[in-house]
Amino acid sequence: MRKKIVAGNWKMNKTDTEAFRLVKRINTSTIDESVQKILMPPFPFIKEIARFSSLTKIAVGAQNCSEHPSGAYTGEVSAEMIKSVRAKYVLVGHSERRAYFKETNELLVKKVEQVLANELMPIYCCGEQLEEREKEGHFEVIKQQITEGLFHLTEEQITKCIIAYEPIWAIGTGKTASADQAQEMHAFIRGLIKDKYSSKIADSISILYGGSCNPKNAKELFAKPDIDGGLIGGASLIAQDFVAIANSF
Ligand code: PGA
């Protein structure tokens, strides 16, 4: 059975006080126990939130990490540091990082390597732009992102990864991919994993949908056979919405 996962990507939002107010509300809500909840706050809050949430089994992740293990890289945060404050997951290759920080598949290979070397789980993001979909190039774009970013991994390593499909045109726009569009792409991604590795491995990897996922559309998305949960941006900043999404399976 694949894990059902709901991960909240807070991006660059919340001050210390606001972050704790949000975490407290989520922690005191009733959430389906079979769902793995992950909060991905900005770096300064990870340690406290991980400590605070350990009793409620809400895991914490980082939104990014350096491709280097340590050293003179001013302003960077290593996977080893993230592990040392008890986070369990790292987002790799979010479309905002690909676009604004020029992260390439080649660079992401190094980040995935750092994440896995520190026994953390990467949540590897892929997604196409609207023009690419309109020209019907979306499958090719996703294939390239997945192949170049992940398919150098061994069988053992790939089973430690989570994949998030986030069509760029749906992120923060209020425009969700339809459940059928999302399912079609998730099935395609699972097919790529099957062809490269095996059905057993493909069936074991959780593939999350992201892009304007909210309490209204989560149920229909999560009911699809290849959608194993969501990577939630905007709606993860409101406790009630995040909890409602987590309870949508
Ligand atoms: P959104 O963001 O839910 O605000 O569209 C999703 C994401 O970027 O991970």
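The values are calculated or read from the model by the stated rules, or taken from the named source; none is laboratory data. Keep in mind it's a predicted model, so treat the numbers as computed, not measured. In this analysis, Cβ positions are derived from the backbone assuming ideal geometry, glycine residues included, and neighbour counts consider all displayed protein chains.
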Problem - All positions within the range 95-108 that are out of contact with any helix residue (DSSP H, G or I) (no Cβ under 6 Å at 6 or more places or on another chain) and of a type outside the set (Lys, Arg) - result: 96, 99, 100, 101, 104, 106, 107
Problem - Scan of the range 53-97 for residues that are among the hydroxyl-bearing types (Ser, Thr, Tyr) and modelled with pLDDT of 95 or more, ordered by number - result: 66, 70, 73, 74, 78, 84, 89, 95
Exercise for the section: Return a yes/no flag: does the range 122-131 have any residue that is within 16 Å of the ligand (Cβ to nearest atom), surrounded by 14 or more Cβ atoms within 10 Å (Cβ to Cβ) and free of Cβ contacts under 8 Å to residues at least 12 places away in the same chain. Expected result: no
Fill in the blank from the handout: In the range 137-165, residues that are within 17 Å of residue 187 (Cβ to Cβ), without any contact (Cβ under 8 Å) to a residue 24 or more places away in the chain and outside any helix (DSSP H, G or I) total 0
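Which one is nearest to the ligand (Cβ to nearest atom), of the residues in the range 207-234 that are in a helix (DSSP H, G or I) and touching a Phe, Trp or Tyr at 6+ places or on another chain (Cβ under 6 Å)?
So the residue we want is 221.
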Problem - Hits in the range 191-221 (condition: more than 15 Å from the chain's Cα centre (by Cα), of a type outside the set (S, T, N, Q) and under 23 Å from residue 11 (Cβ atoms)) - result: 215, 216, 218, 221
Exercise for the section: Go through (1) surrounded by fewer than 21 Cβ atoms within 10 Å (Cβ to Cβ); (2) within 16 Å of the ligand (Cβ to nearest atom) and name the single condition residue 165 misses. Expected result: (1)
Exercise for the section: Would you be able to say whether some residue in the range 177-187 is buried (at least 22 other Cβ atoms within 10 Å of the Cβ), out of contact with any Asp or Glu (no Cβ under 6 Å at 6 or more places or on another chain) and modelled with pLDDT under 95? Expected result: yes
Handout entry: Count - residues of the range 235-249 that are surrounded by 22 or more Cβ atoms within 10 Å (Cβ to Cβ) and either within 11 Å of the ligand (Cβ to nearest atom) or hydroxyl-bearing (Ser, Thr, Tyr) (or both)
Key = 4
Practice task
May I ask you to list pairs of residues, at least six apart or on different chains, whose Cβ atoms are under 8 Å apart, with the first in the range 75-95 being under 16 Å from residue 161 (Cβ atoms) and the second being surrounded by fewer than 16 Cβ atoms within 10 Å (Cβ to Cβ) and among the small types (Gly, Ala, Ser)?
Solution key: 79/117
Practice task
Determine whether the range 88-99 contains at least one residue that is surrounded by 19 or more Cβ atoms within 10 Å (Cβ to Cβ), on the phi > 0 side of the Ramachandran plot and not hydrophobic (A, V, I, L, M, F, W, C).
Solution key: yes
Exercise for the section: Among the numbered conditions (1) acidic (Asp, Glu); (2) over 24 Å from residue 230 (Cβ atoms); (3) under 14 Å from the mean Cα position of the chain (by Cα), tell me where residue 96 comes up short. Expected result: (2)
